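Take a look at the structure set out below.
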Amino acid sequence: MRKCAILSMDSLADFEAYDCLIDEPMRVLGWQTELVSWRRENVNWSDYAAVIIRSPWDYQDDMENFLKVLANIEQSTAQLENSLSVVTWNINKSYLKSLAAEQVTIVPTLWPADFDVNNMAGYFDHFLTEQIVLKPRVSANADNTFWLTKDNYQTKILELSQAFASRELMVQPFMADICQEGEFSLFYFNGAYSHTILKTPAQGDFRVQEEHGGGLLSVTPEPALTAAANQTMQAISKLHGELLYARIDFVRYQDTFALMEAELIEPSLYFNMDELSPQRFAKAFVARMAANEAKSKNAEPQVARLPLGNT
């Protein structure tokens, strides 16, 4: 049985994680899974045939070392999924600019070079709104994300200055539909659609993560949402090829749907919300490994053979 590391963190005690649900489908297909913290030292990554990035939900606290670990994995014989090149692109939310250039509708966004209190009033005016959101370009689990209004932002200046003292930021209008309807997440495994959920925030909040009290509902996406998701996946594939997994998050916007984020590093894949999704993931993984190994075998240099007989 081949070994696959499920890359995680030292403790998931404060998080909701569902990756254990793929253990049995993977085992049935000949793969033994092992949860491994990305912070564990002296790991011989070549002991594993593959490493799947799943729940290293503290990487934003030490991004440089996280990327070094991924580089070490790619330098081993293990297959890293998703790849380091994809992670490097997706780790900074400025990747949204690349998708917008491919005609993907994203939430309207400003990309200031740094935090300047003198620009705050102008952000509200730019979006013609009473409410905005400031968040880091590198973050996870809605860390250091601020929902601000024209009336309260001045009381947050010290907190904002500290949060963005050494972080790049992005500014967006607050998308009211997140509170009124929710945020849709669509999941793709090896480029193929798997399932969709609707995430709703707790009363008075805007964060949809379970850790912040958000709720989950399995839904069937309407045609306009499916079309937006497929267009986004086509753009990602054009830029980076097919990926083992992708979660793309949307909010209803005007007469269509706007991309909130394309989660390609460590998104929860909510295997608990679709009973067949763990099997889909395992089959996609095994098919991907077989295709990569066949490609690698075909790329090996062929040794010229001299004909037998007279020389």
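In table form, for the structure just shown:
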quantity	calculated
Subset of the stretch 162-190 (residues that are within 29 Å of ALA113 (Cβ to Cβ) and open to solvent by 50 Å² or more (accessible area, probe 1.4 Å))	GLN162, ALA165, SER166, ARG167, GLU168
Residues satisfying the stated conditions in the stretch 232-265, i.e. of a type in the set (Val, Ile, Thr) and either assigned to a strand (DSSP E or B) or under 13 Å from SER85 (Cα atoms) (or both)	ILE236, ILE248, VAL251, THR256, ILE265
Of all residues making up the stretch 183-193, the number that are without any contact (Cβ under 8 Å) to a residue 60 or more places away in the chain and small (Gly, Ala, Ser)	1
Close pairs (6 angstrom Cβ cut-off, 6 or more residues apart or separate chains): under 19 Å from THR220 (Cα atoms) in the stretch 264-279, open to solvent by 10 Å² or more (accessible area, probe 1.4 Å) and aromatic (Phe, Trp, Tyr) anywhere	PHE271/TYR18; ASN272/TYR18
Of residues in the stretch 41-74 being closer than 22 Å to ARG247 by Cα, modelled with pLDDT of 95 or more and in a helix (DSSP H, G or I), the one most open to solvent (accessible area, probe 1.4 Å)	LEU67
Residue, farthest from VAL138 (Cα to Cα), within the stretch 33-70, restricted to residues that are among the hydroxyl-bearing types (Ser, Thr, Tyr) and touching a helix residue (DSSP H, G or I) at 6+ places or on another chain (Cβ under 7 Å)	THR33
Residue list for the stretch 80-104, restricted to those being more than 18 Å from the chain's Cα centre (by Cα) and polar (S, T, N, Q)	GLN103
Restricting the stretch 276-311 to residues that are farther than 16 Å from LEU80 by Cα and modelled with pLDDT of 95 or more, the residue that is most open to solvent (accessible area, probe 1.4 Å)	LYS283
Single residue of the stretch 266-275 satisfying the filter (out of contact with any Pro (no Cβ under 6 Å at 6 or more places or on another chain) and not in a loop (DSSP other than H, G, I, E, B)) that is most open to solvent (accessible area, probe 1.4 Å)	ASN272
Spans of helices (runs of 4 or more DSSP H) in the stretch 75-146 with at least 1 residues over 30 Å from ASN190 (Cα atoms), modelled with pLDDT of 95 or more and open to solvent by 50 Å² or more (accessible area, probe 1.4 Å)	120-127
Residue that is modelled with the highest pLDDT [pool: residues in the stretch 191-208 that are outside any strand (DSSP E or B) and open to solvent by 50 Å² or more (accessible area, probe 1.4 Å)]	GLN203
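The values are calculated or read from the model by the stated rules, or taken from the named source; none is laboratory data. If you're wondering where the values come from, they're calculated on a predicted model, not measured in any experiment. Because the Cβ atoms are built from the backbone with ideal geometry, glycine has one as well, and the counts that use them run over all protein chains shown. Note: accessible area is taken over every heavy atom of the protein model, side chains too, but ligands, DNA and RNA are not part of it. Shrake-Rupley method; radii C 1.70, N 1.55, O 1.52, S 1.80 Å.
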